[in-house]
Amino acid sequence: MTAGTDAPLRLEEDAVDVWLTSLAAVDDDRLMGYAPLLSEAERIRWRRFLVRDAADQYLVGRALLRTTLSRYAPVPAKAWVFTTNAYGCPYVSEPASFRALRFNLSHTAGLVACAVTSGGEVGIDVENTARQVDPLELAPTVFARPEIEQVAATPQTDRRALFFAYWTLKEAYIKARGLGVSLALDGFWFDLDGAVPRIHFAAGCPDWPERWHFGRWQPTPSHALALAVATPSQRAPRIRLRWVTPDEPGGDRATAGQIIAP
């Protein structure tokens, strides 16, 4: 697998590309073909998974990340080196000339997603909405007071959808900030009444809403996806969502993908 040997895709200013992979589209032969792309540390972590589904999500996620980055730079997929900041947020460390590429990765049962931008801040989260959760029980542990109240006031038929909308947006924002669990979950909340999600901050969570742009989608009937972006220009990002099987023979570099207006 030699992603990165064709002419790189252009990542324009304020653009965000989101690459989606269905785990159902990855057969066992292709899955095992991803292993050589991993670093030694990644292979060790992959082999520690005791549950097959979790191991597959991790492996496909690393393959998607590496082959996706190689779409934008003439770098073999296995050559990327990543480092984490003090809070565990990963970034490109080598090749140093491509450190402006910012990425975020998320995976859940059935779906892997990778978001890439240049010079900005980006976070993505995907969740399988078919899994069993009790929104009324979980909301007080992960949401801010306005979100908790909204979940409780929502009819039962719509409550799960609202719960996952808040959950994915909050995860995407936390990941975009790169501060991990140091960010208090009740220090910010979302308002979903307008055309796009809007964020609000408590005094203990210093940030300003104007620099953030959010989007949310339902890429499959059983998945919710949210994206958080702060662009260098602070303009609304241009977002493209594309389905891909990592390093698929024949490539799809020329595919424009679906253009999504935030």
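The values are calculated or read from the model by the stated rules, or taken from the named source; none is laboratory data. Since the model is a prediction, treat every value here as computed from it, not as a measurement. We place every Cβ from the backbone using ideal geometry, glycine too, and count neighbours over all the protein chains shown.
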Original post:
Would the stretch 53-66 turn up any residue that is free of Cβ contacts under 8 Å to residues at least 12 places away in the same chain, surrounded by 13 or more Cβ atoms within 10 Å (Cβ to Cβ) and under 19 Å from the mean Cα position of the chain (by Cα)?
Top reply: yes
Original post:
Counting just the residues of the stretch 105-121 that are aliphatic (A, V, I, L, M) and surrounded by fewer than 23 Cβ atoms within 10 Å (Cβ to Cβ), which one comes out farthest from the chain's Cα centre (by Cα)?
Top reply: Ala109
Original post:
Taking Trp208, is it surrounded by fewer than 13 Cβ atoms within 10 Å (Cβ to Cβ), free of Cβ contacts under 8 Å to residues at least 60 places away in the same chain and of a type in the set (Phe, Trp, Tyr)?
Top reply: yes
Subject >> Answer residue from the stretch 74-112, given it is of a type in the set (Gly, Ala, Ser) and out of contact with any helix residue (DSSP H, G or I) (no Cβ under 8 Å at 6 or more places or on another chain) and is nearest to Tyr58 (Cα to Cα) among those >> reply: Ala79
**OP:** For residues that are assigned to a helix (DSSP H, G or I) and of a type in the set (Val, Ile, Thr), tally how many sit in the stretch 14-67.
**Re:** 3
Original post:
What is the number of the single condition among (1) farther than 25 Å from Ala236 by Cα; (2) at pLDDT 95 or above; (3) not hydroxyl-bearing (Ser, Thr, Tyr) that Gly4 does not meet?
Top reply: (2)
**OP:** Could you check, for the stretch 137-158, whether at least one of its residues is of a type in the set (Phe, Trp, Tyr), surrounded by 18 or more Cβ atoms within 10 Å (Cβ to Cβ) and in contact with a strand residue (DSSP E or B) (Cβ under 6 Å, 6 or more places away or on another chain)?
**Re:** no
Subject >> Enumeration of residues in the stretch 182-222 that are modelled with pLDDT under 95 and touching a Leu at 6+ places or on another chain (Cβ under 9 Å) >> reply: Cys205
Original post:
Quick check: is even one residue across the stretch 68-87 at pLDDT below 95, outside any strand (DSSP E or B), within 19 Å of the chain's Cα centre (by Cα) and not assigned by TED's automatic domain parsing to the domain that holds Trp167?
Top reply: yes
**OP:** Mind checking which strands (runs of 3 or more DSSP E) fall wholly inside the stretch 100-210 and carry at least 1 residues that are more than 30 Å from Leu11 (Cβ to Cβ), of a type outside the set (S, T, N, Q) and touching a Lys or Arg at 6+ places or on another chain (Cβ under 9 Å)?
**Re:** 188-191
**OP:** Could you please find all residues in the stretch 26-44 being loosely packed, with under 14 Cβ neighbours inside 10 Å and touching a residue at least 12 places away in the same chain (Cβ under 8 Å)?
**Re:** Pro36
